[in-house]
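The values are calculated or read from the model by the stated rules, or taken from the named source; none is laboratory data. From a predicted model like this one, the values you see are computed outputs, not experimental measurements. Here Cβ is always computed from backbone atoms with ideal geometry, including for glycine, and neighbour counts include all displayed protein chains.
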Amino acid sequence: MALPELLNKAKTFGQEKLFNFYEELTDEQKKILLTDVQNIDFNLMQDLFKKLTNTKEETAETEIAPIPCTDATSMCEEERKRLYDKGLQVLGEGKMAALTMAGGQGTRLGHTGPKGTYDIGLPSHKSLFEIQCCGLKKVSAQAGCKVQWYIMTSHINHKDTVEFFEKNNYFDYGKENITFFPQTMIPAMDREGNILLENKYTVLKSPNGNGGLFASLKNAGLFEKMRDKGISRIFICGIDNCLVKMADPMFLGFLEDSGHKAVAKSFIKRTADEKAGVFCRRGGKPTVIEYTEIPLELAELKDDAGVWVYGDTNVLNYIFDIDVAESLAEVGMSYHIAVKKLNCADFATGETVVIPNGYKFELFLFDAFSQLDSLGVFRIERKEEFAPVKNPTGVDSAESAREMYMAIHKEEN
Ligand code: UTP
């Protein structure tokens with residue numbers, strides 16, 4: 001589309017400020033702006049702003065029920081080994097890929113650069129990417145087959161991520177075994193509903209949340225490529241849990257054994273009101289209910305053994321059958337809104353300014369669970385497998401993660 005059409009379109013949606021500096025741009029910059037504006041889904045952005053101004057969030061009054069869970073923490077050694085061996089065999093046949101979601105901006109951590117390049121302060125100074133790669137090397141050696149590794153980046157950190165791997169010789173995992181793909185981006189807005197500019201010729205965009213995963217895989221043509229490699233299962237995790245068991249054979253054995261097409265790890269919350277989403281069924285379908293949404297009497301409910309009935313916390317660690325993952329790429333999910341400090345271009349001067357309460361939009365992967373007939377929940381021990389790096393200090397920080405990592409991985413710090 002050329003300038004007149006795009007300008008008209010922007011005007012129709014009250015977004016003509018995007019062209020405030022057009023006349024002073026170079027030809028190259030004009031091209032960048034026109035491409036950016038062409039890629040905006042104005043209808044979607046308008047709907048999102050309407051949702052924002054409609055203060056009453058729609059929450060479906062559907063029945064909440066517990067979801068069955070398999071408790072790996074109370075399994076006997078023999079059963080754990082049986083599941084582990086079963087998973088290891090499937091891994092050895094090259095049927096499962098590992099996928100790390102590393103498209104986030106890590107704003108809380110305040111690290112400049114991709115979060116995966118962060119050094120949590122181990123004696124070896126291994127980055128989060130290298131920690132995950134070490135896990136993959138170990139399990140690949142056991143399985144006798146290199147687990148293919150897919151890394152979701154965003155347009156903001158893609159180049160830096162790839163360069164980091166190149167500089168580190170792909171941690172000797174083999175370039176051919178690692179695939180990077182960028183996730184979809186979505187424009188950010190101010191409180192008046194203006195789509196923002198990052199500078200005079202670029203729309204301000206942010207990654208569209210971890211829920212953008214399946215559509216981004218599809219856009220990159222990766223489902224087909226995975227199938228060509230014989231991959232039929234995808235292990236999924238975030239970049240910031242430095243205790244994640246990469247391509248965990250026991251978890252895979254659970255998927256194979258249970259007959260579920262999707263499985264999720266959980267651990268039991270520590271307090272009734274812990275600020276974390278928990279697994280449940282809603283309207284008969286698996287889902288995660290946020291701590292803000294769950295009625296207090298359900299949050300406090302315990303079973304006969306004294307365990308929270310709604311206590312299985314979402315760890316952001318899953319395995320999906322590839323066909324199911326692909327089908328979720330087509331599902332229309334709803335965006336969640338995050339109020340964030342944003343750096344953007346002033347519409348009058350083009351200078352960079354900080355907006356304290358801008359709007360970013362994110363999809364959450366667990367919203368797709370309601371499309372599944374079943375979800376196998378696999379309960380693990382928190383202290384063995386969960387050490388997230390979200391903040392520079394304090395709770396869920398590099399400090400706490402380092403301590404936990406060193407306690408578990410005594411010989412390879
Ligand atoms: P978080 O929700 O903790 O976000 O992501 P974040 O970007 O790491 O940190 P903050 O909130 O800005 O401080 C959980 C996981 O999901 C990935 C992140 O990279 C992390 O592994 N993620 C998040 C994406 O891949 N894309 C996104 O758009 C958002």
- Please specify each residue of segment 259-301 satisfying the condition of being without any contact (Cβ under 8 Å) to a residue 12 or more places away in the chain and either among the polar types (S, T, N, Q) or touching a strand residue (DSSP E or B) at 6+ places or on another chain (Cβ under 6 Å) (or both). 271, 292
- Tell me, which residue of segment 3-23 that is in a helix (DSSP H, G or I) and in contact with a Phe, Trp or Tyr (Cβ under 6 Å, 6 or more places away or on another chain) is farthest from residue 191 (Cα to Cα)? 7
- Message: If residue 225 satisfies all but one of (1) within 16 Å of the ligand (Cβ to nearest atom); (2) surrounded by fewer than 18 Cβ atoms within 10 Å (Cβ to Cβ); (3) within 17 Å of residue 97 (Cα to Cα), what's the number of the condition it fails?
- Response: (1)
- Determine which single condition residue 170 fails, assuming it passes every other condition in (1) in a helix (DSSP H, G or I); (2) away from the ligand (no atom under 16 Å from the Cβ); (3) touching a Leu at 6+ places or on another chain (Cβ under 9 Å). (3)
- Note on the structure: The condition from (1) farther than 22 Å from residue 318 by Cβ; (2) within 14 Å of the ligand (Cβ to nearest atom); (3) of a type in the set (Ser, Thr, Tyr) that residue 124 misses is numbered (2)
- Message: Of the residues 320, 347, only one is modelled with pLDDT of 95 or more, surrounded by 14 or more Cβ atoms within 10 Å (Cβ to Cβ) and either in contact with a Cys (Cβ under 8 Å, 6 or more places away or on another chain) or within 21 Å of residue 248 (Cβ to Cβ) (or both); which?
- Response: 320
- Task: Would you check which residues across segment 228-266 are away from the ligand (no atom under 16 Å from the Cβ) and touching a His at 6+ places or on another chain (Cβ under 9 Å) and list them?
- Result: 254
- In segment 137-163, anything in a helix (DSSP H, G or I), within 16 Å of the ligand (Cβ to nearest atom) and surrounded by 18 or more Cβ atoms within 10 Å (Cβ to Cβ) is listed as 158, 161
- Leading residue by the ranking (surrounded by the most Cβ atoms within 10 Å (Cβ to Cβ)) among those in segment 201-215 that are more than 10 Å from the chain's Cα centre (by Cα) and part of a helix (DSSP H, G or I): 214
- Message: Within segment 30-37, does at least one residue satisfy the condition of being surrounded by 13 or more Cβ atoms within 10 Å (Cβ to Cβ), polar (S, T, N, Q) and not in a loop (DSSP other than H, G, I, E, B)?
- Response: yes
- Task: Specify the residue that is farthest from residue 331 (Cα to Cα); the eligible residues are those in segment 179-222 that are more than 14 Å from the ligand (Cβ to nearest atom) and among the β-branched types (Val, Ile, Thr).
- Result: 202
